Amino acid sequence: MDFEPEADKTFLDEADQALTHFFKLKNEDRNSISDLVYKNCTDFLEAVDFDEADEPLRQIKDPNEIWNFIEPTEIYISRRDRRDHDIYIQIACECDCEQGHGLQLVFRQGKQLTRISSQDGHLTEADAYDIPDEKDELLSKFK
């Protein structure tokens, strides 16, 4: 956790709320982001040299199958240090298509996916690429 008790007195309550929201997500919620996760994988595979070991990933017919190649390993809870200063839950994963940098799924307030990327430590695309929040495709859709 990114937590300093004296500096952030509401962090624990907000983190608890975010975890409560996150743990209420269902398989349907996971399946609703399968297309994004699958696209992230295929974009990576198209950008690297062909490797025969990746063939099972290239054979995926249903985007929901991508979850067979992803293993969540850690959960991080952080407060974004700029702009919205909101709580974000990062799910760090091992991923067969991106073995070097893994995969991270980031959920704002634990409610909604707002970033999918390699594990680079950034909570949003806006932060990673220094663009306005409203130009961040997933973050700007947060309700």
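The values are calculated or read from the model by the stated rules, or taken from the named source; none is laboratory data. It should be emphasised that the depicted structure is a prediction, and the values quoted were computed from it without experimental measurement. Cβ coordinates were reconstructed from backbone atoms using ideal geometry, including for glycine residues, and neighbour counts include every protein chain displayed.
The figures follow:
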read-out	value
Residues of the stretch 98-121 classified as assigned to a strand (DSSP E or B) and farther than 17 Å from Ser140 by Cα, total	2
Filter pass, Glu74 being assigned to a strand (DSSP E or B), surrounded by fewer than 18 Cβ atoms within 10 Å (Cβ to Cβ) and without any contact (Cβ under 8 Å) to a residue 24 or more places away in the chain	yes
Residue in the stretch 86-97 that is modelled with pLDDT under 95 and either within 20 Å of Asp136 (Cβ to Cβ) or not in a strand (DSSP E or B) (or both) present	yes
Flag if Phe44 is assigned to a helix (DSSP H, G or I), within 24 Å of Thr114 (Cβ to Cβ) and not charged (D, E, K, R)	yes
Evaluation of Gly102 against (1) of a type in the set (Gly, Ala, Ser); (2) modelled with pLDDT of 95 or more; (3) crowded, with 16+ Cβ neighbours inside 10 Å; (4) within 22 Å of Glu125 (Cβ to Cβ) (one fails), failing number	(2)
Residues of the stretch 77-93 satisfying the condition of being of a type in the set (Asp, Glu) and surrounded by fewer than 15 Cβ atoms within 10 Å (Cβ to Cβ)	Asp81
Residue match in the stretch 121-136 (condition: in contact with a Pro (Cβ under 8 Å, 6 or more places away or on another chain) and either at pLDDT 95 or above or not charged (D, E, K, R) (or both))	yes
All positions within the stretch 3-39 that are within 18 Å of Ile89 (Cβ to Cβ), of a type outside the set (Val, Ile, Thr), touching a strand residue (DSSP E or B) at 6+ places or on another chain (Cβ under 9 Å) and in a helix (DSSP H, G or I)	Phe11, Glu14, Ala15, Gln17, Ala18, Leu19, His21, Phe22, Asp29, Ser32, Leu36
